[in-house]
Each structure stands twice: as structure tokens, then as C-alpha cells.
2 protein chains.
Amino acid sequence: MDNRAIGRCLLFLGDVTEPGFAKTAFGLRDWARERCVGELRLPQATVSAGLPQLTCEQAAAQGASALVIGVAAPGGGIPDAWVPALAAALDAGLDIVSGMHVRLDALPALREAAARSGRRLVDVRTPPADIPIATGLPRSGRRILTVGTDCALGKKYTALALSRGLAARGADVSFRATGQTGIMIAGSGMPIDAVVSDFVAGAAEILSPAAAPGHVDVIEGQGSLFHPAFAGVSLGLLHGSQPDMFVVCHDPRRDHLLGYPASPLPSIETVIAQTIALGRVTNPAIHCVGVALNTGGMDAAVAEAEIAAYAARLPYPVADPMRGGPAFERLLDACQETS
Amino acid sequence: MDNRAIGRCLLFLGDVTEPGFAKTAFGLRDWARERCVGELRLPQATVSAGLPQLTCEQAAAQGASALVIGVAAPGGGIPDAWVPALAAALDAGLDIVSGMHVRLDALPALREAAARSGRRLVDVRTPPADIPIATGLPRSGRRILTVGTDCALGKKYTALALSRGLAARGADVSFRATGQTGIMIAGSGMPIDAVVSDFVAGAAEILSPAAAPGHVDVIEGQGSLFHPAFAGVSLGLLHGSQPDMFVVCHDPRRDHLLGYPASPLPSIETVIAQTIALGRVTNPAIHCVGVALNTGGMDAAVAEAEIAAYAARLPYPVADPMRGGPAFERLLDACQETS
């Protein structure tokens, strides 16, 4: 997975007008800011990551070696409107890094430009070959998985914040990425939702291999056990990860699943009970260590009140990992308790 | 999926010495006997489906148009030792039909023989392109899913027996295959375990589309919600199938998962409770209608006592669908009750 390590890069935002589609760009900006030299947008784009606007040539001059596609179009494809800009990036000497389901080399214009320029087309969402069937056997080392009441509410940010928080305390910790943005941030990982379903749990097993007893893997969760489209991915990841601990991620403003207006959000308590019931199949010691509340965009006082209300209701530490503070320290304490 | 419809065929048993690996051949023999003209074995094989031993030329003369690979080698590949016989089958004028994960055209010798003979290489385990993300929305028509306490204990046979039993009663019913053997028997279906995990529930949705209110789809289950390797497949299939009813398949002789000696079998009651809890995400009306007990190989009296013991314990009809009789009729009755 080393070929997924990317150095300095230019973030491509395409013609994006919906901030929710730019989460790869935002993720790299928020967690790998030092590697992002700037951003490139088409004239139609209305969303920005707030980075310097650079041409490919300017980015290359500032040490960028790749243009990273930082937006996902609905459907997961690469719109025709992006292709000239992507081909020009190759001609300007940049690799192209993509996390789309569609492979870059499926587009003839990009294949030709890559051949012409000698630059690489890097698909981080292509799983490795020869993933084994899961064994279900216990592995040494400790594991924390972030799970959620829904998709897209903070499982990746929570896992990254826990990893950095534990590392800052001197713990021996690895962040294990399972989605395209996380893989771009970490430089390695497993695009779990692109793995053939028979091998999902096996893929999670090799993502988080046996380790020293004191080592902790913090594994980025995917989907939700109660999601009508993606629960199978979540369950395979849960079984293969065999976590000792999990943190439930939740957005208090959401009352139905994102994009599924007929599907009510499950309660945090339901997610905890079900994660334990199903997670026990591969780790009888699985337990919840806390709740990560996404309060992004709230006033500080409103966020604090929201966190306090959930903390009063639940017998676990509750924190917004992105706000830090004593609540987050208590969540880190819980992750470090051995039980 | 029409190109998967196969006519008269010769069953290829390779060099198989373990009956458990020959379940595709046994499935075709048991459920599509009229299409099987005979079997072809390599000298090392010790397992037989009990059909006439024919050469490819003899099979072709009896109207066979295809040689069907009826065995799975450990690992799911095609052993080198099989290749000359498979190439000879193409040269004798037969297509080759395979349900392996590996594609037939990945083997140069087969690709060349197919080109030379003009015969087809048919991979039933290749999913269709452009499977959508699941919508989770309710569909018209009724659905029955077979689920299990483990893999390989009768989910396919139960679904086939229920389909035929309901059809014999005049019901408007379709068998929906989700595995390679079922697809070969039905001539259509969805190789669900070969679908990329993000699309498993969506694949189950298109396998069993909206239908007339009185129509019943009987859907072949896969894996088990408590299987450390395959539960994600089972959950995606459950959510996408949105069954109104399910039948739990169980082998009373099994106390741990097949091939997973450290994993105890879940109880039937646990499987029922969990299938309902998770299945409610896409169908709040989901309920258990019965238990299919695999008593294959038992004396009739022993089997009857076993069935009676489970029936006394459980508030559902219990039957071995392969033995038929009044118990099976009660299971069919339960499938026809609208509730």
C-alpha cells in the first residue's frame, strides 16, 4: 500500500457546488495541511477549501507532485467536464490521485496523457489483490473502532483525533484508514467499501494485523449497522476489526439518515447494544468507551450544552473530538483503560 | 442475466475427493436432473454424482451444449490439472460454465481453446455492471428469505423446495438465486458474494424487484449474521431483500461453524431475534415463519424425532423440506399466511 503515500499536492475541486461533496479536500486540508500547497477549481465551482488558488504549474513549482481529486460527483464517476483539467495536470508534471470507484485509466484521455507525460494515475480505492477470507481468530494488540448512527458524521475525524490524542500522550498507536480520504491522509489503508463482499472481514483483518500487546490501532469506521445500503460493509468491518473498544459517532441535529428521509436515525443506545451483540462474534470483550458528538458549526455554548445533555443521559464520556478540552481528555482516558 | 441460462450439460467433477467440494454438481443433479446428461471425472476423483460417465463427445451427442464445473477447489481457483480436460471440452464443442471467483478467460489455455472452437466461457459469478446503491425503499410483492445458523446447511435447498412447494399449490412464485449453484439451476440470479461490498444491498434490491402484490420471491440466503467472515454479505442481502418472512435453516448435528472450530453455532432463537432486529431497518413487518432442519443422512425415525424435538421447543413450524410430509405442508401454510 506504500504506493498510496502522497507527498505535496494540489487539491482539485472540479465544478463542485455542494460542500458535502468536497469532503476529501476538506479532510486533506484539516489533517494533512502541511502537504497541501493549494487548490484548483473550475470556473463553475462555488465551494472552496480556503487554500491558495494555484495553477498546476505553480503547484509543481512549489513542490507538489500530485493533483488530488478532492470532490466526489454524485454517482462516483469522473464528469467529462473535469477531463481536460486533469489531462493538463498530467502534462504539467503532476500525478493524479483519485478515490473514485471508477478507475482513472478507464478514461482514454487520461491514459494517453499519463503515457505522454510519464506521470502516474493512482487509484486509492482499488483494493489489493489476494485478500484472504477472514479467519475470525483473535490477534494480539488492542483495537478501537469508530462506529456511527449514520454515514458522514465524523467517524474518520474522530479516529484521527483519537490517534493524535493518544500519540500525544505517548501511546504506541496507528490510525487505520478504511476510506479514500483516510487513505490519502495516512498514505496507506484499505478501501473497505470497494472490496468484494466475501472478503470484507478478511480485508479488515489484514488492515489491522497482530501487533505488540500495548499497541493500539484506531480504525476508521464506515457506514452504520442500521443503514439500508451500507450496513453489510459496517458489519464486515466490525467482525474483521475485532475491536476491544468502540466509540459511537453521532450528529445531534440529524433525525433521519442522510439521503434516506424515510429512515429514522437509530438511537445511540441501540447502536451500542447492537454493536456489542454483533461484535462479540469475534471479540467477546468488546465494549463502548464513549460517544463522539459532531457539533461542527454550533456556537461554543450551544455545543457545550449539547455535549452536557448527552453526557447526563449516557454512562460514557461524551465529547466533540474536534473541540478538545476536558471532555475529550476523558474520552482519551477511557480509550487507555485496559479492561 | 439471460446468458446464464444453460441447457443440457455435462457435470465436471475434476479430481475431487471431498464430497463437500462437489455441491454444485450435487445441486444440479438434485434440482435440474433433466438437464444433466452425465458426469466427467479425472482419474484421481473419488466422488461421483451418480450420473452416467460420459466423454465430452458422448455428452455432445446426447444434446449437451456445456460442461459445467461442478466442484470448487479449496481457494476457489482452477487447478492446472483440470485445464487440459477443460480445453478438450471446448474443442469437443461444449461451452464451459464456471462459478469460481477466478474468471475462465484468465487462463490462456482456455482463452485460446475458446477462440479456436468458437465456444463460450461463461462465468456465472461475475456480477452485472452498474449495480445501484440500495434505496431502502419498500417494494410491492412479497418476499421470503432463507437465513441460517451457519453456511452450507441447506439455505439453497430450502429456498428451492419452498419455491416448488408453493408453485405446486398454484402460487405465483419465483426462486431468486444468490450463489453460483443456484444461478446455474435457475438460469439467472445475482452472485451476491462477488459483488463489491458498497453495492450488496443494491444488488439484492434488483435481484428481487417490485412485483404484483400476490407474487412471492423466495430468495436464497447466504452465510449467517453470526459468521466471522461472511456476516456482512448476509446483512446486505437481508437489507436489500427486505423480506416479509424468513425461514431459519439449521443442522442439528453442528455445534460450531463449519471450518471455524473456535466459533460456536448461534442458537436458532438468537438468529431469529437478530434477523428481526436488523431486518426491521428495511421491513418493519419482517417475521419468522418456520425452521428448516437439515436431517440429510439420518434414519427416518431419528429425523422425525429430531424434528419433533425442535417443534416442541419453538413456536414455529419445523420441517426438513427435503423429506416433505405434513410438517413441510405446515411450513408452506405459514409461508402463505398474510400477516
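The values are calculated or read from the model by the stated rules, or taken from the named source; none is laboratory data. As the structure is a prediction and not an experimental result, all values here were calculated from the model. Heads up, the Cβs are rebuilt from the backbone with ideal geometry, glycines too, and the neighbour counts pull from every protein chain shown. Protein only, heavy atoms only, side chains kept; ligands, DNA and RNA dropped before computing areas. Shrake-Rupley method; radii C 1.70, N 1.55, O 1.52, S 1.80 Å.
Just a few scattered comments:
- Looking only at segment B:234-257, residues that are facing chain A (nearest Cβ under 10 Å) and aromatic (Phe, Trp, Tyr) come to 0 in all.
- Flag for B:GLY14 being more than 30 Å from A:ASP130 (Cβ to Cβ) and either of a type outside the set (S, T, N, Q) or open to solvent by 50 Å² or more (accessible area, probe 1.4 Å) (or both): no
- Qualifying residue in segment A:42-50 (condition: touching a Leu at 6+ places or on another chain (Cβ under 9 Å) and under 26 Å from A:PRO128 (Cα atoms)): no
- Segment B:258-300, subset part of a helix (DSSP H, G or I) and within 11 Å of chain A (Cβ to nearest Cβ), residue farthest from A:PRO228 (Cα to Cα): B:THR270
- Test: residue in segment A:117-125 that is away from chain B (no Cβ under 14 Å), among the acidic types (Asp, Glu) and farther than 28 Å from A:THR295 by Cα: no
- Criterion: open to solvent by 10 Å² or more (accessible area, probe 1.4 Å) and touching a residue at least 40 places away in the same chain (Cβ under 8 Å) - qualifying residue of A:ALA81, A:ALA59: A:ALA81
- Residues located in segment A:27-61, provided they are part of a loop (DSSP other than H, G, I, E, B), more than 21 Å from A:ILE185 (Cα to Cα) and out of contact with any strand residue (DSSP E or B) (no Cβ under 8 Å at 6 or more places or on another chain): A:PRO43, A:GLN44, A:THR46
- Scan of segment A:92-141 for residues that are surrounded by fewer than 16 Cβ atoms within 10 Å (Cβ to Cβ), part of a loop (DSSP other than H, G, I, E, B) and not charged (D, E, K, R), ordered by number: A:VAL102, A:GLY118, A:THR126, A:PRO128, A:ALA129, A:PRO132, A:LEU137, A:PRO138, A:SER140
- Subset tally (residues that are part of a helix (DSSP H, G or I), within 11 Å of chain A (Cβ to nearest Cβ) and within 24 Å of B:ALA129 (Cβ to Cβ)) for segment B:185-233: 14
- Segment A:302-323: number of residues that are open to solvent by less than 80 Å² (accessible area, probe 1.4 Å) and free of Cβ contacts under 8 Å to residues at least 24 places away in the same chain: 7
- Among the residues of segment A:212-233, just one is open to solvent by 10 Å² or more (accessible area, probe 1.4 Å) and polar (S, T, N, Q), namely A:GLN222.
- Evaluation of A:LEU258 against the conditions (1) under 17 Å from the mean Cα position of the chain (by Cα); (2) open to solvent by less than 40 Å² (accessible area, probe 1.4 Å); (3) farther than 21 Å from B:VAL271 by Cβ shows that the sole unmet condition is (2).
- Residue that is surrounded by the most Cβ atoms within 10 Å (Cβ to Cβ), among those in segment B:142-161 that are under 16 Å from B:ILE286 (Cβ atoms) and out of contact with any Gly (no Cβ under 8 Å at 6 or more places or on another chain): B:ILE144
- Inter-residue pairs, beta-carbon under 7 Å, first more than 12 Å from A:ALA277 (Cα to Cα) and in segment B:264-283, second charged (D, E, K, R) and open to solvent by less than 40 Å² (accessible area, probe 1.4 Å), 6+ apart: B:LEU265/B:ASP150; B:ASN283/B:ASP244
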